[in-house]
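First the structure, in the form of structure tokens, and then the observations on it.
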Amino acid sequence: MIQPLLLVVVILALATALRYIFSAFENAGFDRFDAFAILILPPILETLVHPLYIASYAGMKIYADPAGFFIPLVVSARLVASGRVHPLKVIVGIAILTYVCNKNAVVGHLGVGITDIITPIVVTSFYSLYASHKPAPLAYVSGTLGMIIGADILNIFGLSRLFNGKVIIIGGAGVFDAIYLVGVFAAFLDILVSHAGRLRIKESFKKPT
């Protein structure tokens, strides 16, 4: 009897937490589809869908992971197309993060590794907070696309020398891939900072003059 009750409590707690997280994402400039695609869909696709073939280069077959590659591309495209992020700011953000991610990327026998994942997250968040009044969507787009270009695409040549005739997977670690992690944590950080800023503004108005 205790176990079913505990399961119900856990499910209710998770549902409540997701409700608040979805609400925070919507207030930050995402819509419900974005929140679902960013938070819920990756682990589902990671379980059900195998990486998909996208190209060949120098005898190397290139596949892409749904959670670490396709979802960031789709969500980013929706955010730009809907006008929720400014295209010019996106280009600047992607350029900055491409440079940062490329400098922190190391090509090895396990693929592309990131020596310092904290720096891309912090840089993405600070840039987005400076450039936009709704920083979280800009942080997500800049972080994920900058990581895809800087860490993976710009290292294709280096990978081809190690994996000639073999298979590589972009975003291959799925929900644990740096592409996914940088986008999600940068967006979360900007949501928290923006929320804290709003709270300070509200408190300042409450103070007696």
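Working from Cα pairs under 8 Å separated by at least six residues, relative contact order for the chain is 26 percent. Comparing mean-square fluctuations of LEU48, LEU192, LEU97 from a GNM of the chain with C-alpha springs under 10 Å, the top value falls on LEU48.
Of the residues ALA15, ALA186, ALA151, the one that moves most in a GNM of the chain with alpha-carbon contacts below 10 Å is ALA15. Taken along the Cα-to-beta-carbon direction at a fixed 7 Å, the label points for ASN164 and THR47 span 4.2 nm. Only the Cβ atoms of Lys and Arg (+1) and of Asp and Glu (-1) were treated as charged; on that basis the dipole of the chain about its Cα centre amounts to roughly 520 debye. Among LEU12, LEU129, LEU162, the residue with the largest mean-square fluctuation in a Gaussian network model of the chain, with springs joining Cα atoms closer than 10 Å, is LEU12.
When each full DSSP H helix of the chain is screened for a Cα extent of at least 27 Å along its own axis and an average Kyte-Doolittle hydropathy of at least -0.5, the helices passing are 2-27, 178-206. Computed log10 I(q)/I(0) for the chain at 0.12, 0.15, 0.19 Å⁻¹: -0.66, -0.94, -1.30, from the Debye equation with unit scatterers placed on every C-alpha and solvent omitted. When the charge dipole of the chain is built from unit charges on Cβ atoms (+1 for Lys and Arg, -1 for Asp and Glu) and taken about the Cα centre, the candidate among LEU6, HIS50, TYR63 whose Cα reaches farthest toward its positive end is LEU6.
The numbers here are math on the coordinates, done by the rules we state, and not lab data. Please read these numbers as outputs of a predicted model, since none were measured by experiment. Cβ atoms come from the backbone with ideal geometry, glycine included; neighbour counts cover every protein chain shown.
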